[in-house]
1. Could you list M221, M117 so that the one with the fewest beta carbons within 10 Å of its beta carbon is first and the one with the most is last?
2. Summing -39500 (n - 2.57) over the DSSP H runs of n ≥ 4 in the chain and dividing by its residue number, what mean residue ellipticity at 222 nm do you reach, to the nearest 500 deg cm²/dmol?
3. Which of rounded, prolate or oblate describes region 1-149 when judged by the alpha-carbon gyration tensor and an a/c cut-off of 1.5?
4. What's the Cα-based Rg to Rh of region 10-284, Rh via Kirkwood?
5. Return the distance in nm (one decimal) between the two label points of a simple spin-label model at A268 and L167, each offset 7 Å from Cα along Cα→Cβ.
6. Could you compute the FRET efficiency for A279 and E76, with r as their C-beta to C-beta distance and R0 at 51 Å, rounded to 0.05?
7. Please arrange I258, I13 by counting, for each residue, the other beta carbons lying within 10 Å of its beta carbon, fewest first.
8. Pulled fully out, how much extra length does the chain show between A260 and D62, if you take 0.36 nm times their separation in residues and subtract their Cα-Cα distance?
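The numbers here are math on the coordinates, done by the rules we state, and not lab data. Here the structure is a predicted model, which is why all the values come from computation and not from measurement. Positions of Cβ are generated from backbone atoms using ideal geometry, with glycine treated the same way; all protein chains shown enter the neighbour counts.
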Amino acid sequence: MSHPRTAPKSVLITGCSTGMGRRTALALHRLGHHVHATARRPETLADLAAQGLSTLALDVTDEGSMAAAVARVEAEHGAVDLLINNAAYGLHLPVELATPEEVRRQFDTNVFGLVRMTQLVLPGMRRAGGGRIVNISSMAGRFSPPGGAFYHASKHAVEAISDSLRLEVAPFGVKVVVVQPGPTITEFADTAVNTMHGGAEHSLGDGEDPYGRFRAELADMYANRTFRRRNGAVPAETATKVIVRAATTGRPRARYAIGALARGTMMAKRLLPDVAFDAVMRFNFPVAAGR
């Protein structure tokens, strides 16, 4: 699908080292926009810089790093016209085993970083009389399977924040859009699987791990089935096209769900009673063996 050529916008995207962030940065650059692609480790962006994109170091858990990136874009363009909050990762562990540090890190990256980036760009957008904020959420923001409590909670938070923000900033000409991908064929699955393993810090005080088999089965499911096209995962290119549409269309919807699996699961969550939806989750996800 082609996208209309519009006046070039100043674009700031978080989390461009891999996956949808990187692809979205390239797609918007090819449309003629002034794209600032960012990552915690800027050396991962060397190939984007070689293709003409501006690249910046940006760690969404570091205030100074976020403020410096926004200031750089504003110094060059007056304001950030388009912010795409993409930086995120998935922590997948049983609630009982996740350490407080892991939970904080999940919310620092997926929620608090998104909030702070939004706060930093809004004064410039208000002065400019408009702007757009695209928050990359997930189908995860609408339901919570076993093993996904904290990742899904972080995306629930993104959904709620976006709903309030959309109403708050509309009078200033700022649009807020949520994108809800289902399973997408990117490097996200590898990171998620890595969080399911772990060592002694994920055992209980007596060294017991009653979730050991569950974690192994969940890791196998994510690594070998969930993020496969034959099981409903969408190619990264498909997700990128939807993000670009959400970012550039003149009259964006509040939400863009990506993939039949995302749309179907979220609809089931809305329509089914909890007992029925729990049965769906138990059928599709591993559960701990119990005693």
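1. Ascending number of Cβ neighbours within 10 Å: M221, M117.
2. For the chain, the value works out to -14000 deg cm²/dmol.
3. Numbers: a/c = 1.79, a/b = 1.67, b/c = 1.08.
Prolate, because a/c is 1.5 or more and a/b exceeds b/c.
4. Over the Cα atoms of region 10-284, Rg/Rh equals 0.98.
5. 3.1
6. The pair A279/E76 has a calculated efficiency of 0.40.
7. On the way: I258 24, I13 29.
Ascending number of Cβ neighbours within 10 Å: I258, I13.
8. 67.7 nm
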